[in-house]
Structures are given as structure tokens and as C-alpha cells.
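The values are calculated or read from the model by the stated rules, or taken from the named source; none is laboratory data. Every value quoted in this text rests on a predicted model; they were computed, and no experiment measured them. Neighbour counts are summed over all protein chains in view; Cβ atoms, including those assigned to glycine, are modelled from backbone coordinates with ideal geometry.
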């Protein structure tokens with residue numbers, strides 16, 4: 001029953017349910033691309049639209065998070081503060097831009113094709129930038145964990161349990177870093193041609209990358225529950 005309870009716990013939260021919907025979304029798109037079935041791809045697009053509709057209401061929580069974080073004076077270094085503030089700024093700008101894209105898509109906001117294209121490019125660029133900043137923050141955190149582990153190896157304090165805990169965190173963070181790299185690959189692939197590798201990877205490969213990232217995200221959720229107790 002513990003597996004069922006874990007699944008229910010996952011589905012009981014907004015972020016957890018979003019992970020499952022994301023996996024279903026890209027799995028449908030990948031399946032549709034592989035068998036050339038437009039209906040399956042349309043099902044994936046509808047699930048993606050459902051995720052977008054839920055993100056319409058993320059502004060208030062994001063504003064609260066940005067306000068509580070402030071200028072990051074609680075961070076240990078200036079670099080961490082700058083990355084934190086920059087990440088919050090990018091996410092804060094992304095939400096209204098994405099909202100404008102959605103309003104145009106549903107016909108509420110009237111924009112010229114050129115303006116709509118620019119907004120879509122800006123939205124995707126902000127998405128990619130947010131992921132890249134998150135990767136930089138994670139790599140910095142991993143470097144601190146490595147330093148902590150090295151200190152434990154030359155110290156009599158902590159013991160094997162503390163080292164095991166650090167090893168688990170490092171292993172999980174390594175997987176998270178790999179997931180972020182997949183997400184960055186996905187985000188940049190959605191940019192127009194001329195932006196890095198934008199529009200150069202086939203739809204099937206992009207769907208495969210996104211599906212793999214979604215599987216890893218759910219696996220990480222269960223791994224954290226099991227290993228970080």
C-alpha cells in the first residue's frame with residue numbers, strides 16, 4: 001500500500017500533479033510523432049494547454065516568493081544573492097509574458113503576427129534563461145556539498161551517517177543537473193531558427209527529451225521520499 005500512498009501524495013499537490021500531467025503530455029506527443037498520429041499529438045497539446053491554464057494563477061505566489069527573498073541578504077555569498085535575485089526576476093517577467101501569449105492564442109488579446117512571434121520568442125527565452133540560472137545555482141550548491149564531504153573525510157565529527165547523507169544528496173543533485181540539461185535542450189529547441197539549436201531538432205527527438213525529463217522528475221520525487229528521511 002505504500003506505493004499507492006506515495007502516488008496519492010504525489011497527486012494531492014499542485015506540483016506533483018503537474019509532473020504527472022507533464023509526463024502524459026509529452027508521452028502522447030512522443031507516441032504521436034513515432035506513429036504519425038495527429039490525434040495523439042493533439043491530446044498532448046490539450047494536456048499542455050491544461051498546464052498553461054493552471055499557471056495563469058502563479059503570479060501571486062511568485063510575487064510573495066520574490067518579496068520574501070528580497071535581495072538575498074541571507075545568502076552566504078554575493079554570487080548566490082545575484083543568482084537568486086536574477087532567477088526571481090526572470091520568473092516574474094516570464095509569467096505575464098506567457099499570459100499575454102495565451103490571451104492572444106485564445107483570441108482575447110489582438111496582436112499583429114510579428115508582435116505575437118516576438119512575445120512567443122521572449123517567453124521561450126525567459127523559460128530557457130530560468131532553467132540555466134537554476135542549473136548554475138545547483139552546480140554552486142553541489143560544489144559546497146563536495147567541500148563539506150571533503151571536510152568530513154578529514155574530520156572525526158559527523159561519522160559515516162553524515163557522509164552517507166551527503167553522498168545521497170550529491171547523487172540526487174547530479175540527477176537534477178542532468179534533468180535541467182534535458183530541460184534546457186528542450187526549451188532552446190522551441191526557439192525559432194537562428195537561436196542556438198532552435199528549430200534544428202526534430203519534433204520526435206524534442207518529445208523524447210521532454211518525456212525523459214518528466215520520467216526523471218517523477219523518479220526524483222520518489223527517490224527523495226525514500227532516501228532523504
Inset, instruction - Return the residue satisfying two criteria in turn: it lies in segment 54-88 and is without any contact (Cβ under 8 Å) to a residue 12 or more places away in the chain and part of a helix (DSSP H, G or I), and of such residues it is farthest from the chain's Cα centre (by Cα). - result: 78
Inset, instruction - Could you check how many residues of segment 22-44 are modelled with pLDDT under 95 and closer than 17 Å to residue 8 by Cα? - result: 0
Inset, instruction - Check segment 150-159 and report whether any residue there is at pLDDT below 95, farther than 21 Å from residue 134 by Cα and touching a helix residue (DSSP H, G or I) at 6+ places or on another chain (Cβ under 6 Å). - result: yes
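How about segment 102-128: which of its residues are surrounded by fewer than 19 Cβ atoms within 10 Å (Cβ to Cβ) and under 20 Å from the mean Cα position of the chain (by Cα)?
Keep residues of segment 102-128 that are surrounded by fewer than 19 Cβ atoms within 10 Å (Cβ to Cβ), which gives 102-119, 121-122.
Passing the criteria: 102, 121, 122.
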Inset, instruction - Within segment 101-118, track down each residue that is in contact with a helix residue (DSSP H, G or I) (Cβ under 6 Å, 6 or more places away or on another chain) and either at pLDDT 95 or above or outside any helix (DSSP H, G or I) (or both). - result: 109, 111
Inset, instruction - State whether the residues of segment 153-164 include one that is under 15 Å from the mean Cα position of the chain (by Cα) and surrounded by 13 or more Cβ atoms within 10 Å (Cβ to Cβ). - result: no
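Tally time: how many residues in segment 4-46 are under 22 Å from residue 179 (Cβ atoms) and assigned to a helix (DSSP H, G or I)? If you could, list the steps in order and put the result at the bottom.
Of the residues in segment 4-46, the ones under 22 Å from residue 179 (Cβ atoms) are 6-7, 9-11, 13-31, 33, 44.
Next, from what is left, pick out any that are assigned to a helix (DSSP H, G or I): 6-7, 9-11, 14-31, 33, 44.
Number satisfying all stated conditions: 25.
Just give me the residues in segment 171-194 being in a loop (DSSP other than H, G, I, E, B) and either crowded, with 16+ Cβ neighbours inside 10 Å or free of Cβ contacts under 8 Å to residues at least 12 places away in the same chain (or both), in sequence order. Steps first, please.
First, pick out the residues of segment 171-194 that are in a loop (DSSP other than H, G, I, E, B): 190-194.
Across segment 171-194, the qualifying residues are 190, 191, 193, 194.
For segment 144-161, state whether one or more residues are in contact (Cβ under 8 Å) with a residue 40 or more places away in the chain and in a helix (DSSP H, G or I).
Going through segment 144-161, the residues in contact (Cβ under 8 Å) with a residue 40 or more places away in the chain turn out to be none.
No, there is no match, as no residue in segment 144-161 is in contact (Cβ under 8 Å) with a residue 40 or more places away in the chain and in a helix (DSSP H, G or I).
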Legend entry - Selection within segment 197-229 - touching a helix residue (DSSP H, G or I) at 6+ places or on another chain (Cβ under 7 Å), modelled with pLDDT of 90 or more and not in a helix (DSSP H, G or I): 201
